[in-house]
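Data block below; observations after.
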Amino acid sequence: MSNREPFPQGSIDIQFKLTFKGGIYDSNVSDLYDGIEALDGFSKMLHITTHAYINQEVIRKATALKGAKIYRTASRPGSFVEVINVVLEHPVEAIATKVVYDGLYDFVKYVGAKAIGKAYSPKNRKVKKLVRDEPFISALNDSVRKPVKEMHRPIVTDRNVRVEVGKPRTPLLLFNEDSYLYLKEERLLDLEENLSCNVTKMNTLSPHGRIYLDSERKTVSYEADDGLSFSEGLLLSKSLDDTKNRRNNKINIDVRKLVDGNGRLLKIFIYGVR
């Protein structure tokens, strides 16, 4: 954690460590493909999460990051510890620098834990507010799911390997065989038609939102398929309006459900609305 060259004056440098342990990594050797794919997955996850923390906006591509730059420091001799520097170009907090550090670390820990089905209650006040923001947080969880899976590539090859994300001296996240199996067992179920529901939250600029599904008796996150017609999109918007105005109108949707290894519903993909 330091404000130093070569980073711009006035920026805040927040360091993360990506550590590989177990298997071949204990001999100071890395499988090139596995190691690079895991690092690439972490890069995407960190870019997406940092952008969300700074801008309260979910991006799908790491290259869309705004307000920060992320650098990789030269690997340390004799170990497989990658040092990653998140450099906030225009600090988002006009208060103590420590709050900025704590907030981003807390947010990365929450997002990473959520991706592997682990419960974590944020400590930072800003992060507590962000994780209650729907559909923002559900869209972010969806966006980082694939990068987190990529981070598990060394574990696919050798179940004894562990991948750790941390501060310079403190661990934040642990990916291991258990988290790999959790992600591996996610399944996209067959299409179900004419499910009764009503929209509770949506973002008109993205395909993400939340919907109360009568058959589940609860609200779940959704992603609308690109193939939906304009009129189907209007039905989703009208359903949200009806919900806000306490009109008990329902719409019917065709969906595929994404479930984890225990059959718990993670989200739905909408392919038809009527």
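Quick note: the coordinates plus some simple rules give every number you see, no bench work behind them. Not measured: the values here are computed from a predicted model. Methodologically, a virtual Cβ is constructed for each residue, glycine included, from the backbone with ideal geometry; neighbour enumeration extends over all protein chains shown.
The coefficient of translational diffusion for region 1-64, derived via Stokes-Einstein from the alpha carbon Kirkwood radius under 37 °C and 0.692 mPa s, stands at 231 µm²/s. What's log10 of I(q)/I(0) for region 12-184 at q = 0.09, 0.14 Å⁻¹, Debye sum over Cα points only, no solvent? After summing over all Cα pairs, the log10 values are -0.28, -0.70. For Glu37, neighbours were defined as the other residues whose beta-carbon sits under 9 Å from its Cβ, and their charges (Lys and Arg +1, Asp and Glu -1) total -2. So which helices of the chain fit the span-like rule, where a helix is a whole DSSP H run, its Cα atoms reach 24 Å or more along the axis, and its mean Kyte-Doolittle is at least -0.5? Both cut-offs are met by 32-55, 97-115. Of all beta bridges that DSSP places with both ends in the chain, some 95 percent have antiparallel geometry.
Over 22 Å between Cα atoms: which of Lys21/Lys109; Lys98/Lys129; Lys17/Lys109; Lys21/Lys128 fall into that group? Show your work: numbers first, answer last.
Numbers: Lys21/Lys109 19 Å; Lys98/Lys129 18 Å; Lys17/Lys109 13 Å; Lys21/Lys128 32 Å.
Listed pairs above 22 Å: Lys21/Lys128.
Across region 187-273, the volume of the C-alpha convex hull divided among the residues equals 85 Å³ per residue.
Report, to one decimal in Å, the Kirkwood hydrodynamic radius for region 89-175 based on all distinct Cα pairs. Walk me through the intermediate numbers first.
Values: mean 1/r = 0.0701 Å⁻¹.
Across region 89-175, the inverse of the average 1/r is 14.3 Å.
Short-range pairs are left out: with C-alpha atoms under 8 Å and at least six residues apart, the relative contact order of region 160-205 is 24 percent.
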